[in-house]
Amino acid sequence: MTTIAPRPAAAAESGGHPAPPLDPPRTLSTPRLASGAGALRALALACRECDAAFEAGPIAICENCLAPVEPVYDPDRSLPDRDAIASRPTSLWRYREWLPFTGTPTLSLDSGWTPLVEAPALARALGVERAWVKNDSVSHPSLSFKDRVVAMAINAARAFGLDTLACASTGNLANAVAAHAARAGVPAWIFIPHDLELGKVIGTLVFGARVVRVRGTYDDVNRLCAQIADRFGWGIANVNLRSYYGEGSKTVAFEIVEQLGWRFPTAVVAPMAGGSLVTKLRKGFAEFRGAGLAAGGPLPRLYGAQAAGCGPIARLVQSRGDRLVPEVPNTIARSLAIGNPADGSLAARTIHETGGWAAAVSDEAIVRGIRVLAETTGIFTETAGGTTVAAALELARSGRLAPSDEVVLCITGHGLKTVEAVAPTLTDTPTIGPRVREVEALVREI
Amino acid sequence: MPITIHLPNVLAKLADGQRTVEADGATVGAAVGEVSARFPALRPRLVDDAGNPYPFVTYYLNDEDIRFTGGFDALVRDGDEVTVVPAVAGG
């Protein structure tokens with residue numbers, strides 16, 4: 001593991017010398033991901049703002065206006081019905097017609113299809129009709145919803161013949177990229193903030209990834225990776241592969257609809273870091289509505305959850321403003337600690353358009369949220385999940401959730417990744433000798 | 001004495017293939033404006049119709065996000081470096 005400062009441009013380009021000739025992202029001499037690419041092809045792209053069209057490739061921004069680009073789906077493509085989808089293997093690829101490829105993906109075929117767990121005790125705590133947990137804390141292989149997006153990124157990398165997978169990460173993406181790359185047999189470069197939680201660092205290193213700690217916040221890491229995106233022929237999952245990567249988040253919405261019996265809940269609460277998940281949830285719900293796969297009712301109201309110590313999107317929602325004000329993160333919810341969220345403004349607009357709202361909760365509330373979820377559902381989540389639960393409780397308390405609501409909480413990562421957050425709040429464990437009378441004494445104390 | 005502006009790769013072709021250009025000006029906004037005058041095709045990519053930065057493009061002055069330091073009004077000194085980064089990543 002290496003620690004560096006986030007100054008590649010200054011180091012590489014200072015002195016006023018013209019940069020080397022610009023090359024498109026390239027395939028290195030031994031493109032390991034390219035072998036066996038088969039018929040898999042990534043979709044072409046178009047700018048979200050100015051509609052400029054681009055061929056399929058590892059690009060994330062429009063060269064006309066620098067806005068994000070997104071895959072373009074053939075509106076006339078053949079779509080499966082409910083029975084056809086239900087007969088397919090239980091992975092996110094059962095929704096392949098809504099994912100940004102044609103042909104057959106060959107990597108990360110088992111991600112997705114996590115449990116949707118009904119949570120009656122949590123519903124009572126929220127004061128709503130019914131509640132479910134979309135439990136991506138047991139996502140495979142890396143125990144967070146980032147497995148979904150990395151399944152897209154690694155197949156895009158294969159389609160483009162890129163030989164190395166990389167990412168800028170607050171932790172969960174690091175785990176996912178390292179795990180997916182390891183089982184695909186390709187090298188991974190992972191850039192993380194220097195002070196990331198130990199569980200997330202170990203959960204990356206164990207897969208043999210090259211992990212680089214960057215002195216600074218996630219936003220510094222993000223900037224660094226944006227600057228190096230097309231220098232080394234890498235596929236950087238959430239940078240130059242982001243157009244494809246982000247589409248994997250839609251499968252959370254698809255699964256919720258199918259697992260509820262092909263219908264919408266009335267509300268969904270999801271954590272917000274870069275803001276992408278909320279926007280992709282809405283896109284996924286809308287696509288299933290458009291395909292006639294989801295019965296009745298309006299699209300779910302979407303609610304965003306952030307930490308008070310890093311809540312730029314929540315504050316934008318609450319102010320009803322149109323320009324996000326970046327923040328310097330200061331929260332235990334490290335996986336949400338993005339002060340300059342790329343999709344923040346779009347996420348806020350999406351939330352308003354669905355009739356939802358957002359909450360930013362204290363670190364103490366986040367820890368309580370972890371405990372509430374564990375004690376009411378048996379699900380142990382990390383700080384992002386605690387943020388989601390705490391925000392849902394706050395939204396319920398403030399009347400944003402109604403007694404008639406059917407609410408899904410998106411729990412996006414496992415609690416063993418961030419044990420530091422909750423450990424100080426747990427009661428000490430007694431230590432006894434192997435004697436019955438000592439157990440009897442403990443039982444009498446209760 | 002000029003400052004240095006680092007452009008994203010996709011914009012370099014609009015600046016004669018350079019990813020790094022020198023610029024003059026007392027503020028970040030003035031320097032960006034001066035570069036935009038020399039490379040007119042860059043202007044609509046760097047600023048909106050009102051001359052303000054786009055919300056999805058971040059300017060860093062010596063590694064500091066200028067939104068924390070005065071935006072386009074942030075003062076620059078000789079030798080400073082401005083880096084233009086499209087907002088692309090989430091964690």
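What follows draws every value from the coordinates through simple rules; no lab data is involved. What you see is a predicted model; the values in this text were computed from it and never measured. Glycine also receives a Cβ, built like all others from the backbone with ideal geometry; neighbour counts cover every protein chain displayed.
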Chain B, Cα convex hull volume normalised per residue, Å³: 92
So what is the 222 nm mean residue ellipticity for chain A from helices alone, if each DSSP H run of at least 4 adds -39500 (n - 2.57) and you divide by all residues, rounding to the nearest 500 deg cm²/dmol? -10500 deg cm²/dmol
As I understand it, the value is the acute angle between the Cα axis of helix A:436-445 and the longest principal axis of the Cα atoms of chain A; what does it come to in degrees, rounded to 10? 80
Could you calculate the FRET efficiency of A:Arg263 with A:Ile202 from 1/(1 + (r/R0)^6), where r is the beta carbon distance between them and R0 is 41 Å, rounded to 0.05? 0.50
Extension gain, A:Ser78 back to A:Arg435 (0.36 nm per residue minus Cα-Cα distance, nm): 121.7 nm
Once you wrap a convex hull around the alpha carbon atoms of the stretch A:31-190, what is its projected area averaged over all directions, in nm²? 12.0
What are the lysines whose alpha-carbon lies under 26 Å from the alpha-carbon of A:Lys146, with same-chain residues fewer than 8 places away excluded? A:Lys134, A:Lys200, A:Lys250, A:Lys280, A:Lys283, A:Lys417
Pick from A:Arg130, A:Arg96, A:Arg323: which residue has the top mean-square fluctuation in a GNM of chain A where Cα pairs under 10 Å get a spring? A:Arg323
Counted neighbours (other Cβ, 10 Å), sorted fewest up, put A:Trp189, A:Trp357 in the order A:Trp189, A:Trp357
Estimate the FRET efficiency between A:Arg41 and A:Arg320 by the formula 1/(1 + (r/R0)^6), using the beta-carbon distance for r and 35 Å for R0, to the nearest 0.05. 0.25
What is the angle, in °, between the Cα long axis of helix A:146-160 and the longest principal axis of the Cα atoms in chain A? Nearest 10 is fine, range 0 to 90. 10
In Å and from the alpha-carbon atoms only, list the Rg and Dmax of the protein assembly as shown. 23.5, 87
0 to 90° range, to nearest 10: angle between helix A:218-228 axis and chain A longest Cα axis: 20
Over what distance in Å are the Cα centres of the stretch A:89-142 and the stretch A:224-271 separated? 12
Under 13 Å, Cβ to Cβ, from A:His352 - net charge with Lys/Arg +1 and Asp/Glu -1: +3
